[in-house]
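These notes concern the structure reproduced below.
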Amino acid sequence: MRHLILGNSAAGIFAAEAIRKHDPVAEITILSDEKYPVYSRCLLTYYLAGDCGEEQLSIRDADYYQKMDIRFRPGEKAIRIEPEKKCVYTLSERKYEYDRLLIATGAGPEVPFIPGGACRAVFNGLRTLNDAKSMLRYAQPGKHAVILGAGQVSLKTAYGLRKQGMDVTVLSASSQIFSQALDEYAAGLVEGHLTRHGIRFLKQKDVNEIQSFDDTVCAVKTSDGDVLPADLVVIGKGVRPNVDCIRGSGIHIDFGVIVDSQLRTNIPDIFAAGDVIETFDLARLCQRVNAIWPNATEQGRIAGLNMLGGKIEYRGSIAMNSTELFGFSAISGGFARGEEPEYEVRRYISVDGSYRRLVFKDDLLVGYILAGETGNAGLLTAIIREGKRLGNRKEKLINSGKIFYSLFYHHQHPVVS
Amino acid sequence: MEIFLDPTKCTGCKTCELACTVEHSASKDLYAAILEIPRPRKRIFVETDGDLNFAVECRHCQDAPCVHACMAGSMVQDEDTGLIQNHREKCVGCWMCVMACPYGVINRDQFSRLAVKCDRCPENDYPQCVKSCPTGALTYVDVPAQSKKVRQEFLFQIRIHKGEM
């Protein structure tokens, strides 16, 4: 059986491992549009900050592909899938045939049009090791960095550049930072902490123009006419699924690739997993792309097992975020910002200034935010994922932030290992 | 071998927490450990819900959420022992494992930016929490003695004890 995997990150690698574990002889090929062996994208901001070296980015040993008997094909960008012939064409015009195909192409940066944005010192997010390496060339102490957007990766990038000694300004279009994951209060705690570490925030401001010539940037002009000096600009306007190579193949795509509960696409023998797919959101109860590492690894494993003929159901995902910047931790999960009248929000601020926000729908926990002391986040994640009614345990949870839930009620995910 | 706890015997005295911290200190001495920097961290947590005390440490799950959540590749299940171990040279302190662990038994060493959890005392032949438990609530027993049926019966008894069944 020939298994072909498009994508060499979380979903692709975990799928390959699941296949290899149960089938020692299957032919497994991984195509990657990058030249590097598997590394963790999520660690790039740590690399940028100098918190870890390049070797630490690798999440597997150097002889990994050989040891796992995986045919790894770096620098092979898939551009077209032909399901009738069961093959994939790459940019280098090579053809790869498959019996089972996994689309794990991930997500890429959303690229808004900004005048002056086509310049080497303007980065569309921080998504690849190459991005990080070239960003470091501009990251000189005392120089100015302007970051457009205040989501998780933007804030982590701001942290990295600040640690390189740059003068960092973050522009946020909305009135609070990190609005995808945190509420106003928790975002205020993060913002205050970052401000104390020398990062400047300008809120309710957007960019009008980037003033650049050749390969250098000199300024960013904001929507209300301010001109900010800049030597490096990072655009962080979110990510979108990498679906270009899928177009024209007949695979159903909405925002992301559409899959069934066993992570199959509408075309036989083609599966999809990771940041590229839409899944059922267990907290919001709708289809959604929850593009985060733990979801991608779980989907990868399940897709891998189903590619071997398994019938394992993927229950769904929740949004989750863990961010630690200059020693301040914030973790959120599920529908953390739920504010509509059908949700009940219970907030608690402890004496040490730590913040806890729990969002309920009746006696179901659907979201949480912890900022400061975040030690019991996993208990809350499990309660949301299990989706069990809390009954009289709800008040206990509100009062103490934890209950003996997992020990007695948690059952492990239905994945066989 | 597995660590088991009988909550009806657990008085919540936290001796296990102390023994765990000392075992994971540089000096392995209680009085010296107090002054150590970075401060040694416990990897067992005595929880209470008012009527029941429970010392809980890593369950070393077969299908471990922390391993799957770890974006640094540092949290790994050892193939030989089956234990989940965090490799400190790879850990960056992103707390994804903390976000994922359904038992809340991963501690954050913020000074060293390391996730710390039960490692079953590799420098010692016996888990120090079990060794220190004064009431015999914690036991270290052979896995076959705790088959699935036994585990389920155990949970059933606790739920009866808690008046939930």
For this session: With an 8 Å cut-off on Cα pairs and a minimum separation of 6 or more residues, tell me the relative contact order of the stretch A:122-237 in percent.
Result: 34 percent
For this session: Please work out whether the stretch A:283-326 counts as rounded, prolate or oblate from its C-alpha gyration tensor, where a ≥ b ≥ c are the square roots of the eigenvalues and a/c under 1.5 means rounded, while otherwise a/b larger than b/c means prolate and anything else oblate?
Result: oblate
For this session: Counting helices only, and only those DSSP H runs with n ≥ 4, report the 222 nm mean residue ellipticity of chain A as the sum of -39,500 (n - 2.57) divided by its residues, in deg cm²/dmol to the nearest 500.
Result: -7000 deg cm²/dmol
Seminar exercise, completed: Treating every alpha carbon of the stretch B:55-100 as one equal point scatterer without solvent, the Debye formula yields log10 I(q)/I(0) values at q = 0.13, 0.16, 0.17 Å⁻¹ of -0.26, -0.39, -0.44
Exercise. What distance in nm separates the simple spin-label points at A:I258 and B:K14, each placed 7 Å from Cα in the Cβ direction?
Worked result: 5.5 nm
Seminar exercise, completed: Percent of all alpha-carbon pairs of the stretch A:122-237 at distances over 25 Å, whole number, is 15 percent
Exercise. Quick one: putting +1 on the C-beta of Lys and Arg, -1 on the C-beta of Asp and Glu, what dipole do you get for chain A around its Cα centre, in Debye to the nearest 20?
Worked result: 520 debye
Problem set entry | Share, in percent, of DSSP beta bridges within the protein assembly as shown that are antiparallel, nearest 5 | 65 percent
Problem set entry | Computed over chain A: relative contact order in percent, which uses C-alpha pairs under 8 Å that are six or more apart | 15 percent
Exercise. What figure in square angstrom, to the nearest 10, would you give for the accessible area of A:I398 with a 1.4 Å probe?
Worked result: 20 Å²
Exercise. If contacts are Cα pairs under 8 angstrom and at least 6 residues apart, what is the relative contact order of chain B in percent?
Worked result: 28 percent
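What order do A:R284, B:R88 take when sorted by accessible area (1.4 Å probe), most exposed first?
These residues rank, largest area first, as B:R88, A:R284.
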Problem set entry | Neighbouring partner chain Cβ atoms per residue of A:38-45, average, 10 Å criterion | 3
Exercise. Hey, if we sort B:K131, B:K14, A:K156 by accessible area with the 1.4 Å probe, largest down, what's the order?
Worked result: B:K131, B:K14, A:K156
Problem set entry | Cα-centre dipole for the stretch A:196-322 with unit charges at Cβ (Lys and Arg positive, Asp and Glu negative), debye to 20 | 480 debye
Exercise. Considering chain A as a Gaussian network with a 10 Å cut-off on Cα pairs, which listed residue, A:I349, A:I253, A:I292, attains the greatest mean-square fluctuation?
Worked result: A:I349
Exercise. Solvent-accessible area per residue for the protein assembly as shown at a 1.4 Å probe radius, Å²?
Worked result: 43 Å²
Problem set entry | Approximate spin-label separation A:E34-A:S134, in nm, with each point projected 7 Å along Cα-to-Cβ | 1.4 nm
Seminar exercise, completed: With +1 at each Lys and Arg Cβ and -1 at each Asp and Glu Cβ, the charge dipole magnitude of the stretch A:262-417 around its Cα centre, to the nearest 20 debye, comes out at 360 debye
Problem set entry | D (Stokes-Einstein, µm²/s), Kirkwood Cα radius, the stretch A:282-394, 0.692 mPa s at 37 °C | 215 µm²/s
Exercise. Roughly how many nanometres apart are two label points built 7 Å out from the Cα toward the Cβ at B:I34 and B:K149?
Worked result: 5.0 nm
Seminar exercise, completed: Row for the stretch B:18-146, column shape: gyration tensor on C-alpha, a ≥ b ≥ c, rounded if a/c < 1.5 i.e. under 1.5, prolate if a/b over b/c, else oblate; value rounded
Exercise. With the Cα gyration tensor of chain A giving a ≥ b ≥ c as the square roots of its eigenvalues, does the rule (a/c under 1.5 for rounded; else a/b larger than b/c for prolate; else oblate) give rounded, prolate or oblate?
Worked result: oblate
Seminar exercise, completed: To the nearest 0.05, the calculated FRET efficiency linking A:C286 and B:Y126 through their beta-carbon distance, R0 being 56 Å, is 0.65
Seminar exercise, completed: In this structure, the FRET efficiency calculated for A:I79 and A:N392 from their beta-carbon separation, with R0 = 41 Å, to the nearest 0.05, is 0.10
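The values are calculated or read from the model by the stated rules, or taken from the named source; none is laboratory data. Keep in mind it's a predicted model, so treat the numbers as computed, not measured. Reconstructed Cβ throughout: ideal geometry from the backbone, glycine too, with neighbour counts over all protein chains shown. Accessible surface areas use protein heavy atoms only, side chains included; no ligands, DNA or RNA. Shrake-Rupley method; radii C 1.70, N 1.55, O 1.52, S 1.80 Å.
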